[in-house]
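Structure first, then comments.
The values are calculated or read from the model by the stated rules, or taken from the named source; none is laboratory data. Note that the coordinates shown come from a computational prediction; the quantities given were computed from them, not determined experimentally. Reconstructed Cβ throughout: ideal geometry from the backbone, glycine too, with neighbour counts over all protein chains shown.
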Amino acid sequence: MKIGVIGTRGFPEIQGGLETHCMELYPRIASMDDNEVTIYRRTPYLNAGNKNAIYKNVRFVDFRVPKNKYFETFLHSFFSTLHALFQGYDIVHFHNAGPGFFIPLMRLTNAKIVLTYHNISYTQKKWNGFAKQFLKWSEKISIKNADFIIFISQVVESIIVKKYSINKYKLIFNGVNLPVISTRTDYIESLGLEKQKYVLAVGRYLEEKGFDYLIRAFRKTNIKDYKLVLVGDTDYPTNYSDRLKLFARENNVILTGFIKGEYLNQIYSHASLFIMPSFEEGLPIALLEAMSFKLNVLASDIPAHLQIGLMENDYFKVGDEDTLKISILAKLSKFEERDYGDILTTKFMWDSIAIETNKVYKETTI
């Protein structure tokens, strides 16, 4: 099968859960059967380390677009769809409803359209009123015109299936790789960190991630021998991201920026506790990654986190600084290595996810 993929910034080494999803999924699919996979990428995220035209049998087509939160995805999806019209794809896979605005254009070809709905974007605080309305239109257009829909989250699935009464869909979760725990400490030491003496959070600097109240809750613990580390950055500087960085530095929080590879491996390997304080998520890969490193975890009690099936004391009331403070103190009172093997291997492994996605392609093209 010839498969085109629209909606990601690209990969490798590009920040974002959707980008990690695609980086793990498509090389696996490219190795199956006689599949040929083409990913459409955005040049603002490419550099000397990741600009190669091929990665693990996946081919890239790159388009130059402005790095702008309002126009970037729209323009890139438009250019990508125009190119895809003439490639003879058997499957065109759109990721999320924003890019899916152009699915009707792709219907001019014989390609079958698969849509993966990662999250309900128009509820996010980063969008203005017009953008939210456009995303609502795009959702309706995407759902009504796709041949098959994949959901990565039970929460999103339940909302959208009920809203549109769709019947050609499947739940296929995000995944994780079981890592090799790093024994090196040179990177964390360069940050002034000690093994098992820091609390970790990972994500983009968006209001929905809740990092500001995490910092306040951590400050309230008055813990002196642990540090708080935030891994990630913002795609587009905003008033919120600027305030968050300033607030973090004022409270001695370690900001690593966007990291991958051995640096990220070390950060996960030697943390004492991982916290996911989000107000909204689809199915967060960062939380699954923390679990794969056998970290003790705390997650806000939103439906997206509850669906993972952690223990009761692994959750805290979303947005509640005092509850989070108490939970942090309880977790740090005793170092604990956790084994989430049954949870991860049952639902969240990339190899089985790739097999299930490839099966969707085959059944959709019959």
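Structure above, values below:
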item	result
For Val199: the one exception among (1) modelled with pLDDT of 95 or more; (2) within 30 Å of Ile343 (Cα to Cα); (3) part of a loop (DSSP other than H, G, I, E, B)	(3)
Residues of segment 1-46 that turn out to be in contact with a Gly (Cβ under 8 Å, 6 or more places away or on another chain), modelled with pLDDT of 95 or more and of a type in the set (Gly, Ala, Ser), as a count	1
Of all residues in segment 219-251 being closer than 23 Å to Ile285 by Cα and hydrophobic (A, V, I, L, M, F, W, C), the one that is nearest to the chain's Cα centre (by Cα)	Val231
Qualifying residue in segment 332-351 (condition: at pLDDT 95 or above and β-branched (Val, Ile, Thr))	no
Among (1) surrounded by fewer than 17 Cβ atoms within 10 Å (Cβ to Cβ); (2) within 18 Å of Phe148 (Cβ to Cβ) - the single one Ile54 does not satisfy	(2)
Filtered residue count, segment 300-350, keeping only those that are among the basic types (Lys, Arg), in contact with a strand residue (DSSP E or B) (Cβ under 8 Å, 6 or more places away or on another chain) and not in a helix (DSSP H, G or I)	2
Filter pass, Val199 being over 20 Å from the mean Cα position of the chain (by Cα), under 30 Å from Ile326 (Cβ atoms) and surrounded by 16 or more Cβ atoms within 10 Å (Cβ to Cβ)	yes
Residue list for segment 117-153, filter: closer than 19 Å to Pro303 by Cβ and exposed (fewer than 15 other Cβ atoms within 10 Å of the Cβ)	Thr123, Lys125
In segment 226-237, the residues that are part of a strand (DSSP E or B) and loosely packed, with under 15 Cβ neighbours inside 10 Å	none
Residue match in segment 238-251 (condition: modelled with pLDDT of 95 or more, surrounded by fewer than 20 Cβ atoms within 10 Å (Cβ to Cβ) and either assigned to a loop (DSSP other than H, G, I, E, B) or among the β-branched types (Val, Ile, Thr) (or both))	yes
Some residue of segment 207-225 being touching an Asp or Glu at 6+ places or on another chain (Cβ under 9 Å), part of a strand (DSSP E or B) and modelled with pLDDT of 95 or more	no
